[in-house]
Amino acid sequence: MRAAIIGGTGFDTLEGVHLRSELVQTPYGEVSLFRGEKEWEDIFFLPRHGTTHSIPPHRINYRANIKALHQLGVTHVLATLAVGSISAHLPPGSLVAVDQFLDFTQNRENTFFNGGKEGFAHTLMSYPYCPALRQRLIDLGTAMGLKISPKGTYVCTNGPRLETAAEIRMFSILGGDVVGMTGVPEAPLARELGLHYAALAYSINWAAGVESGKEITFIEEGLGALKKNILKLFLQTLQSSEFATCDCESARLTFHPPEEERA
Ligand SMILES: [Zn+2]
């Protein structure tokens, strides 16, 4: 099985894993990523913000990233998401295997199927993350002694600005648990191409206004150990071969134009 890790903020490299850099050409642009070597040869690593952490959330070429992994034959993807905590039961430092998202992004290219020759697609999104991969991640994480919240709704804002306190209050009323800027359209694009994709959010601060009257402060303490554990867990999960069945490979319903219009 070929697998990939998409690293968000704080995950610009995979410590302890031999990697060599590679450029992949896709119809949507060039992608710079890493291929594992030696015992890691079936693992790819894609730093979402670029190899020098220079691409802001709203400028990430999500389509090129997911297409590149698909072209390389990757079938399973685990992503990290740095988030702010909205829910009181998920303080900074929490890990959440997100199971739903709310999409508040704007003007992002969010499909591979824009009509014409490719047709267009409606992709089932009731449960946007691969349930089998999520479960494996949660089980292995729990066995490692990590506390992972097995459910959580991820709110994706467009960024790059942070949210207002009123926006966070709204997200909370709507059922949002954590907030970030990069999880969408990455997850739905992966699902469009039939990839098994799951994401682990780790909270680095309280969202705006949750700690009333206080400015947002990003935690530093304990993050190093947390990141090491996430990496260990991801590698274990992706080297695992025991996955339950899921519907990821058949979630896309594609519609092609009638023959006469194709000519
Ligand atoms: Zn799946």
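Kindly state, as a whole number, the per residue volume in cubic angstrom of the convex hull around the alpha carbon atoms of the stretch 3-258.
Numbers: hull volume 32.9 nm³, N = 256.
In the stretch 3-258, the Cα convex hull volume per residue is 128 Å³.
Viscosity 1.002 mPa s, temperature 20 °C: Stokes-Einstein D of the stretch 147-217 from its Kirkwood Cα radius, in µm² per second? Can you show the working numbers first?
Details: Rh = 13.5 Å.
The estimated diffusion coefficient comes to 159 µm²/s.
What are the residues whose amide H is under 5 Å from the amide H of PHE243, where those residues sit 5 or more places off or on another chain and H is modelled from the backbone?
Sorted by chain and number, the residues that satisfy this come to none at all.
Given a 1.4 Å probe and the protein chains all in place, what does the accessible area of ASP247 round to, in Å² to the nearest 10?
Taking all protein chains as shown, ASP247 has close to 70 Å².
What number comes out for accessible area per residue over the chain if the probe is 1.4 Å? Units Å², please.
For the chain, the per-residue accessible area is 48 Å².
Under a plain spin-label model, where a point goes 7 Å from the Cα along Cα-to-Cβ, how far apart in nm are ASP42 and SER54?
Result for the modelled spin labels: 3.5 nm.
Give the ranking of ARG35, ARG169 by solvent-accessible surface, highest area first, calculated with a 1.4 Å probe. Walk me through the numbers before you get to the answer.
On the way: ARG35 45, ARG169 150 Å².
Ranked from most to least accessible, the order is ARG169, ARG35.
Distances over 17 Å make up what percent of all Cα-Cα pairs in the stretch 83-186? Could you put the intermediate results ahead of the total?
Details: 3186 of 5356 pairs.
Result for the distance tail: 59 percent.
How high is the relative contact order of the stretch 3-258, in percent, with contacts defined as C-alpha pairs under 8 Å that are six or more residues apart? Present the calculation step by step, with values, prior to reporting the outcome.
Values: 521 pairs, mean separation 67.3, N = 256.
That works out to 26 percent.
So for the stretch 130-263, Kirkwood radius off the Cα pairs, Stokes-Einstein at 25 °C and 0.890 mPa s: how many µm² s⁻¹?
139
The values are calculated or read from the model by the stated rules, or taken from the named source; none is laboratory data. These numbers were taken from a predicted model, which means no experiment stands behind them. No Cβ is skipped: glycine too gets one built from the backbone with ideal geometry, and neighbour counts run over all protein chains shown. Surface accessibility is based on the protein's heavy atoms, side chains included, excluding ligands, DNA and RNA. Shrake-Rupley method; radii C 1.70, N 1.55, O 1.52, S 1.80 Å.
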